[in-house]
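Heads up: the structure comes next, in structure tokens.
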Amino acid sequence: MNEKILWYVADPMCSWCWGFAPVIEQVRNTYGHRLKVELLLGGLRPGTSHPLPSPQRQEILGHWQAVHRVTGQPFQFAGAMPEGFIYDTEPACRAVVVVSMLNPEAIFTFFRAVQSAFYVEQRNVTDALVLAELAGDVGLETQQFLQAFESDAARDMTQGHFHRASQLGVRGFPTLIGQKAALYLLISGGYCPLEELNPKIIQWLDT
């Protein structure tokens, strides 16, 4: 009953979440003995069906360059999001949900693998077969993953993640929310470096 949960609300195709990847890993390593860190998929651009217009691509690349400058996280800019790319983040989010169903211990490893595949390797993580390959890399059986990925249960669970994030008032990613019983507290909204985040987590834990 006294379990403390730190909700990490994120999207695998959110560039600031990629910038935050080393921070959340440190948080999990540092505070894992005092709290449970849970991933909640926020849904950055779910259901997008039209190719990314060139001006919007340039705007997004500008965000990526800002993330790289601030965080040092690697990006492959040249050739990213090629012509015709549909920036729909629902499939990548659903893939993370499927991994949480099939092997919950691998969820953070898989989440980071999808991020790296998209931002560094320029793989199309909106594609089910690409996501299945990444799932295979973290020990899941490909056909089992694909079957679950196409299921109504996975689609419904993914929408459930988006809905809960909205209910919690999350409007941007990454966001950290602390939960003690039925009490929720916003700990950080947007990118936050570890040196600024640590005092906020400690204060919440000790309150």
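Key figures for this structure:
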quantity: Carbon/sulfur fraction of accessible area - the chain, other protein chains in place, 1.4 Å, %; calculated: 51 percent
quantity: Where the chain is the region considered: accessible area per residue in Å², 1.4 Å probe; calculated: 49 Å²
quantity: Within the chain, longest stretch free of exposed GluC sites (Glu not before Pro) [DSSP loop, at most 10 other beta carbons within 10 Å]; calculated: 84-207
quantity: Segment 44-97 - Rg (one decimal) and Dmax (whole number), Cα, Å; calculated: 12.3, 32
quantity: Solution diffusion estimate, µm²/s, Stokes-Einstein, segment 143-207, Kirkwood Rh from C-alpha pairs, 25 °C, viscosity 0.890 mPa s; calculated: 174 µm²/s
quantity: Ellipticity estimate at 222 nm from DSSP helix runs (n ≥ 4, -39,500 (n - 2.57)) divided over the chain, nearest 500; calculated: -16500 deg cm²/dmol
quantity: Approximate shape of segment 100-191 as ellipsoid semi-axes (Cα gyration tensor, √5λ), whole Å, largest first; calculated: 27, 17, 13
quantity: Gyration tensor verdict on the chain (Cα atoms; rounded if a/c is under 1.5, prolate if a/b is larger than b/c, oblate otherwise); calculated: oblate
quantity: Probe 1.4 Å, all protein chains present, accessible-area order of ASP88, ASP206, largest first; calculated: ASP206, ASP88
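The values are calculated or read from the model by the stated rules, or taken from the named source; none is laboratory data. Computed from a prediction, not measured in an experiment: that's the story for all the values here. FYI the Cβ positions are ideal-geometry reconstructions off the backbone, even for glycines, and counts take in every protein chain you see. We work out accessible area using only protein heavy atoms, side chains counted, and drop any ligands, DNA or RNA first. Shrake-Rupley method; radii C 1.70, N 1.55, O 1.52, S 1.80 Å.
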